[in-house]
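Have a look at the structure below, then the notes.
The values are calculated or read from the model by the stated rules, or taken from the named source; none is laboratory data. Please read these numbers as outputs of a predicted model, since none were measured by experiment. Positions of Cβ are generated from backbone atoms using ideal geometry, with glycine treated the same way; all protein chains shown enter the neighbour counts. Note: areas computed on protein heavy atoms with side chains; ligands, DNA, RNA excluded. Shrake-Rupley method; radii C 1.70, N 1.55, O 1.52, S 1.80 Å.
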Amino acid sequence: MDIKRLDFNLLVTLDALLAERSVSRAAQRLNLSQPALSAQLARLREMLGDPLFVPSHRGMTPTPLALGLQAPLAAALAQLRDVVTSARAFDPARDDFTVHVAASDYVQAALLLDFTLALRKEAPGLRIALRAADVTRLAAQMEKGEIDLAVLTPDGIAGALRSRPLFEERYVFIARRGHPALRRPLDAARFCELEHVMVSPRGGSFTTPVDDMLDAQGLRRRVVVSASTFHSVLDLVERSDLVALVPARLVERRAVRLRVLAPPLPVSGFAIHMAWHNRNHGDAAQRWVREKLVAFAREGNDGPPS
């Protein structure tokens, strides 16, 4: 094949088709009409001497040649993006840009809402879209450019993504101020006797790893409410005699209405990392946001609960 005949746009089209496996979705991704994209696919087939994609019941199936091109093509385009973006001066005070961030409701409430407000003081042209994290789709969403940055626990990060640690989180015990059970020191046995509310993001569960740890010690707590978000947990605890174990950063500003104590028994914490795709690794604006997030996350309060 004479590489001088190869149009760069055709490589971008092939990359989109390999990611989407659909002419209509690839056309939408590239902001092209379906006839225009079909014409580009026809040119690719002619130049490469291969059908590249064959129809299937779920869209299009790549041929072996197309599959073999997917990884090196994506890497080459990512490297080219790095070259172009690094050559362009980035000014957060002047530039308009958008960042799509995926995270749980806990991470959004404990970190990202304040981070968004702080960041916009330095970058008034910034738009941040906060989205619920779906670890089953995250890698594909990042490959397609639907998500730029994810903030989550390391077990939700696919091996193909880049990542960096942000902070270590710990659990604290919370109850409303004036709760009768806190008139005397709380031990493990009384902790288990109280009525607990916990988070079950997917709904319906009444156990967490904390309950597995208690079982190993011959203990069992009374979980009477399973909520889908941490906001619901905090609201229920503030308005009742229910108690809960929650991540410490979530309640740093709620000490007026809540008693925040160290758990009366050892409870393992967890790590929070950020993750991103190679496609955004060299982008100056994305890199600036990542560095700002690292610095902001380290400013969190890591001291013992009151």
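Count of segment 139-169 residues, restricted to those that are touching a helix residue (DSSP H, G or I) at 6+ places or on another chain (Cβ under 9 Å), open to solvent by less than 70 Å² (accessible area, probe 1.4 Å) and under 22 Å from Phe296 (Cβ atoms), is 14. Within segment 226-236, one or more residues are surrounded by 15 or more Cβ atoms within 10 Å (Cβ to Cβ), of a type in the set (S, T, N, Q), within 21 Å of Ala110 (Cα to Cα) and over 18 Å from the mean Cα position of the chain (by Cα). Of all the numbered requirements in (1) touching a residue at least 60 places away in the same chain (Cβ under 8 Å); (2) closer than 26 Å to Gly156 by Cα, Leu261 misses one, and that requirement is (2). Apart from one condition, Glu46 fits all of (1) open to solvent by less than 60 Å² (accessible area, probe 1.4 Å); (2) at pLDDT below 90; (3) acidic (Asp, Glu); the exception is (1).
Does segment 173-184 contain any residue that is open to solvent by less than 30 Å² (accessible area, probe 1.4 Å) and charged (D, E, K, R)? Checked against the condition, which is being open to solvent by less than 30 Å² (accessible area, probe 1.4 Å) and charged (D, E, K, R), segment 173-184 yields no hits at all.
Answer yes or no: is there a residue in segment 29-43 that is touching a strand residue (DSSP E or B) at 6+ places or on another chain (Cβ under 8 Å) and either in contact (Cβ under 8 Å) with a residue 60 or more places away in the chain or open to solvent by 50 Å² or more (accessible area, probe 1.4 Å) (or both). Looking through segment 29-43, none of the residues is touching a strand residue (DSSP E or B) at 6+ places or on another chain (Cβ under 8 Å) and either in contact (Cβ under 8 Å) with a residue 60 or more places away in the chain or open to solvent by 50 Å² or more (accessible area, probe 1.4 Å) (or both).
A single entry from Val197, Val210 fulfils the requirement of being closer than 30 Å to Leu242 by Cβ and modelled with pLDDT of 95 or more: Val197. From the list Pro264, Pro247, the lone residue that is in contact with an Asp or Glu (Cβ under 7 Å, 6 or more places away or on another chain) and surrounded by fewer than 18 Cβ atoms within 10 Å (Cβ to Cβ) is Pro264. Does any residue of segment 275-291 turn out to be closer than 30 Å to Arg81 by Cβ and part of a strand (DSSP E or B)? Taking every residue of segment 275-291 in turn, at least one turns out to be closer than 30 Å to Arg81 by Cβ and part of a strand (DSSP E or B).
The set of residues from segment 150-188 being within 16 Å of Ala133 (Cβ to Cβ) and in contact with a Lys or Arg (Cβ under 7 Å, 6 or more places away or on another chain) comprises just one member, Glu169.
The residue of segment 50-71 that is most open to solvent (accessible area, probe 1.4 Å), among those that are out of contact with any Leu (no Cβ under 9 Å at 6 or more places or on another chain) and either part of a strand (DSSP E or B) or at pLDDT below 90 (or both), is Arg58. Residues of segment 252-276 that are under 21 Å from Val237 (Cβ atoms) and among the aliphatic types (A, V, I, L, M): Ala255, Val256, Leu258, Val260, Leu261, Ala262, Leu265, Val267.
For segment 122-135, filtering for residues that are in a loop (DSSP other than H, G, I, E, B) and over 11 Å from the mean Cα position of the chain (by Cα) leaves 3.
A single member of Ala271, Ala297, Ala255 is surrounded by 15 or more Cβ atoms within 10 Å (Cβ to Cβ) and either outside any helix (DSSP H, G or I) or in contact (Cβ under 8 Å) with a residue 40 or more places away in the chain (or both), and it is Ala297.
One line per residue, one yes/no per condition, for (1) open to solvent by 60 Å² or more (accessible area, probe 1.4 Å); (2) in contact with a helix residue (DSSP H, G or I) (Cβ under 8 Å, 6 or more places away or on another chain); (3) assigned to a strand (DSSP E or B):
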site	(1), (2), (3)
Val99	no, yes, yes
Ala102	no, yes, yes
Val107	no, no, no
Arg120	yes, no, no
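Residue pairs whose Cβ atoms lie under 7 Å apart, sitting 6 or more positions apart in sequence or on different chains, and linking a residue in segment 147-163 that is at positive phi and free of Cβ contacts under 8 Å to residues at least 24 places away in the same chain to a partner that is surrounded by fewer than 18 Cβ atoms within 10 Å (Cβ to Cβ) and part of a strand (DSSP E or B), do not occur here.
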